[in-house]
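Enquirer: Here you go, one structure.
The values are calculated or read from the model by the stated rules, or taken from the named source; none is laboratory data. Just so it is clear, the model here is predicted, and its values are computed rather than measured. In this analysis, Cβ positions are derived from the backbone assuming ideal geometry, glycine residues included, and neighbour counts consider all displayed protein chains.
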Amino acid sequence: MKDIKVVISSPIDTNLYALLVNHLCLKEKGVSVSGIITLKTLSFKRINSEYKRIGSLLVVKILKKLFANNSDKNFLSKNMDNMISSLGLKQKSLKAFSDDHATPFIKVNDLNNFETITFLKMCKPDLVLSIGSTIIRKSFLEIPSIGVLNVHMGILPEYRGMGVTEWPLIEERANDIGLGVTLHFMDSGVDTGPIIKKQKINISDCQSLHDLESKYLIEMVSLMLDGVRMVRDKKLTLEPQKNNEIDMGRQYYSTHNRMRKLAEKRLIMFK
């Protein structure tokens, strides 16, 4: 049986989630990584696009990147360290992976520009594994023969958009809707594509949003690999999101620090 070809699309070269997914795909039988795409961190086009998406919160985001020891330090925990150690992850960048395995690599200003589309066509992927929340247009979405997989940090269709790790806590819906992740195919909408699988996260032992975020990362890596395996084994089942379900859900946006503190308070009190 011919290997399924995947392309990793990451927001930055050192994204821990992308590094883990790439590392595991390389170990997976019947799967080959045919290309890696990352974005240039501070290109004008990216800054402009991000400003339109999140406004003044972009300043906070940039400062965090500039003054963090590494781009994913906030995601690291004891459990995460143990996972990295057990998997034998050694490379600290996707470029290092591409050099070690002779995988085509490109760093671009925009996922939807001519340079990216040309590179993607050259890679001829069956799947693109989308890491991050950058908006992808039709010209990109149509290239992979099967589709673009994404793991959303929330339960769909109820919680679309950003900040959906905190909003179920803020709205006191952690018991009925729950906190978790959703594997889905991307379409031209915001988190509106067909759902493949949902996974709720046990938050009863979390004492901070830091604890919660480290759990999210572990589940997201696991769920993305589940999706790759389901495609490879031809066991994929899709649940299209109906218009009324999408309408009943809401699109959320990044939370202010005061709201994050409220979410953390409710997380600690959660039983």
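Enquirer: Suppose we keep only residues that are modelled with pLDDT under 95 and small (Gly, Ala, Ser) within the stretch 108-138. Which one would you say is farthest from Thr38 (Cα to Cα)?
Expert: The selected residue is Ser133.
Enquirer: Continuing with this model, one more query. Looking at (1) closer than 14 Å to Ile8 by Cα; (2) among the polar types (S, T, N, Q); (3) out of contact with any His (no Cβ under 9 Å at 6 or more places or on another chain); (4) outside any helix (DSSP H, G or I), find the lone condition where Ser98 falls short.
Expert: Failed condition: (4).
Enquirer: So, of the residues in the stretch 207-227 that are modelled with pLDDT of 85 or more and hydroxyl-bearing (Ser, Thr, Tyr), which turns out to be nearest to Val128 (Cα to Cα)?
Expert: Residue satisfying both the conditions and the ranking: Ser222.
Enquirer: Being without any contact (Cβ under 8 Å) to a residue 12 or more places away in the chain, more than 13 Å from Val7 (Cβ to Cβ), of a type outside the set (Val, Ile, Thr) and in contact with a strand residue (DSSP E or B) (Cβ under 9 Å, 6 or more places away or on another chain) narrows it down to one residue among Glu115, Glu158; which is it?
Expert: Of the residues listed, the single one that is without any contact (Cβ under 8 Å) to a residue 12 or more places away in the chain, more than 13 Å from Val7 (Cβ to Cβ), of a type outside the set (Val, Ile, Thr) and in contact with a strand residue (DSSP E or B) (Cβ under 9 Å, 6 or more places away or on another chain) is Glu115.
Enquirer: Before we move on, is Leu169 buried (at least 18 other Cβ atoms within 10 Å of the Cβ), modelled with pLDDT of 95 or more and of a type in the set (A, V, I, L, M)?
Expert: no
Enquirer: Within the stretch 196-241, take every residue that is β-branched (Val, Ile, Thr) and in a helix (DSSP H, G or I) and give me the one that is nearest to the chain's Cα centre (by Cα).
Expert: Step by step, filter the stretch 196-241, then rank; the result is Val221.
Enquirer: Could you check the stretch 163-193 and list, in sequence order, the residues that are within 20 Å of Asp211 (Cβ to Cβ), over 12 Å from the mean Cα position of the chain (by Cα) and touching a residue at least 40 places away in the same chain (Cβ under 8 Å)?
Expert: Selection gives Gly163, Val164, Thr165, Glu166, Trp167, Leu169, Ile170, Glu172, Ala174.
Enquirer: Give the residues of the stretch 146-162 that are of a type outside the set (A, V, I, L, M), under 13 Å from the mean Cα position of the chain (by Cα) and outside any strand (DSSP E or B), sorted by residue number.
Expert: Gly154, the sole residue that qualifies.
Enquirer: Give me the pairs, please: first residue somewhere in the stretch 129-140 and closer than 23 Å to Ile4 by Cα and in contact (Cβ under 8 Å) with a residue 24 or more places away in the chain, second residue anywhere and aromatic (Phe, Trp, Tyr) and surrounded by fewer than 22 Cβ atoms within 10 Å (Cβ to Cβ), beta-carbon distance under 7 Å, and either six or more positions apart or on two chains.
Expert: Listed pairs, sorted by first residue: Ile131/Tyr17.
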